[in-house]
Amino acid sequence: MGMTKFCFLPGRGVLALTGADRVGFLNGLVSNDVAQAAPGRAVWAALLTPQGKWLADFFVLADGERLLLDCERGQIGMLAPRLSRYRLRAKVSVVDRSSELSVGVAWDGDPEPAAGAITAPDPRLPEAGWRMIASELPSATASPEAWDAHRLCLGLPDGSRDMEAEKTVLLEAGFDELNGISWTKGCYMGQELTARTRYRGLLKRRLVPVEIDGDLPPPGTPVTREGAEIGTMRSGRAGFGLAVLRLEALEAGSLDCAESRLIPRIPGWMRLPQAVTG
């Protein structure tokens, strides 16, 4: 059976890491275990500040003697030099391959085999489908906007559209439940705060899916309850979106955002404190 929906993602680019030390080098920097990337298996990981705040996230796919990072195109200008700065004596090179390699995503079925494509299931959720990197992708059967609506319904964050550089903590954005953190692989940059947040239960807010009753509020619009600010709107489309909300706001029913109402829709994969979930 062919994949019913497939599209090219023009907002994504590709960084290639080559060299004998590529796996160990990247493993010491990011939130997940890069050694788990293998043919047919992708790893979702984040690069953090030393203080444990989000800077970027990407999918890591293995392709022979190189690692390919499916990342936000607008972040490559920051990401490539930052990774290169940490090389020190490691045998690794970081090169932008976005001009020759494209990123696609497929969902609602099994992927069509594409000659020369590196393909792996999206490691976050089975419903998220498959990630694909290739020099020539299959013809699209859906639009990037259709994919965006699908991932919003699933509650999946989309990089800087939903997270704030040097501000967002990974556990706020679902990285634990969505398989974006390894708790066993050892040290990486920002690990201390990430672990402390988990073990001490320090979370006060979460990025959650919301149904929008009214016009789509612009990103950054304050979310209020009875006049008090309790969150911020992030990305959205076609009546659905994501918003960063204080945990106590999730028990309140509908919330206000500009001229619209937001109704939190907590997905089944999301784990919330018992006091919130009841």
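The values are calculated or read from the model by the stated rules, or taken from the named source; none is laboratory data. Given the structure is predicted, the values throughout are model-derived calculations rather than measurements. Glycine gets a Cβ as well: all are built from the backbone with ideal geometry, and neighbour counts include every protein chain shown.
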Requested in this report: With respect to Ser31, determine if the residue is over 21 Å from Thr194 (Cα atoms) and of a type in the set (S, T, N, Q).
Outcome: no
Query - Condition met for Ser99 (among the small types (Gly, Ala, Ser), assigned by TED's automatic domain parsing to the domain that holds Arg41 and within 18 Å of Val14 (Cα to Cα)) - result: yes
Report task. Give the residue, chosen from Ala146, Ala134, that is under 18 Å from the mean Cα position of the chain (by Cα) and either in contact (Cβ under 8 Å) with a residue 40 or more places away in the chain or in the same structural domain as Ser31 (by TED's automatic domain parsing) (or both). Result -> Ala146
Query raised in the report: What residue, of Arg73, Arg82, is closer than 14 Å to Phe25 by Cβ and out of contact with any Pro (no Cβ under 7 Å at 6 or more places or on another chain)?
Result: Arg82
**Report entry** Breaking point among (1) under 21 Å from Glu145 (Cβ atoms); (2) touching a Cys at 6+ places or on another chain (Cβ under 7 Å), for Glu211
**Finding:** (2)
Query raised in the report: Only one of (1) small (Gly, Ala, Ser); (2) in contact with a Ser or Thr (Cβ under 7 Å, 6 or more places away or on another chain); (3) exposed (fewer than 12 other Cβ atoms within 10 Å of the Cβ) fails for Gly253. Which number is that?
Result: (2)
Query - Selected residue (only one of Glu192, Glu259, Glu226, Glu248 is free of Cβ contacts under 8 Å to residues at least 24 places away in the same chain and not assigned by TED's automatic domain parsing to the domain that holds Asp148) - result: Glu226
Query raised in the report: Within the stretch 230-244, is there a residue that is closer than 12 Å to Leu262 by Cα, of a type in the set (Ser, Thr, Tyr) and buried (at least 18 other Cβ atoms within 10 Å of the Cβ)?
Result: yes
Query raised in the report: Hey, does the stretch 165-173 have a residue that's among the acidic types (Asp, Glu) and within 25 Å of Ile76 (Cβ to Cβ)?
Result: yes
Requested in this report: Collect the residues in the stretch 49-99 that are of a type in the set (A, V, I, L, M, F, W, C) and under 13 Å from the mean Cα position of the chain (by Cα), keeping them in residue-number order.
Outcome: Trp54, Leu55, Ala56, Phe58, Phe59, Val60, Leu69, Cys71
Report task. State which residue pairs qualify: first residue more than 17 Å from Gly64 (Cβ to Cβ) and inside the stretch 108-119, second residue of a type in the set (Val, Ile, Thr) and surrounded by 14 or more Cβ atoms within 10 Å (Cβ to Cβ) in any location, beta carbons under 7 Å apart, and separation of 6 or more residues or different chains. Result -> Pro111/Thr119
Query raised in the report: So which of Arg265, Arg237 is touching a Gly at 6+ places or on another chain (Cβ under 9 Å) and of a type in the set (Lys, Arg)?
Result: Arg265
**Report entry** Pick from the stretch 120-161, criterion outside any helix (DSSP H, G or I) and among the acidic types (Asp, Glu), ranking: surrounded by the fewest Cβ atoms within 10 Å (Cβ to Cβ)
**Finding:** Glu136
**Report entry** Entirely in the stretch 198-255, the strands (runs of 3 or more DSSP E) that have 2 or more residues that are touching a helix residue (DSSP H, G or I) at 6+ places or on another chain (Cβ under 6 Å) and among the hydrophobic types (A, V, I, L, M, F, W, C)
**Finding:** none
Requested in this report: Report yes if some residue within the stretch 116-128 is of a type in the set (Asp, Glu) and farther than 25 Å from Asp33 by Cα; otherwise report no.
Outcome: no
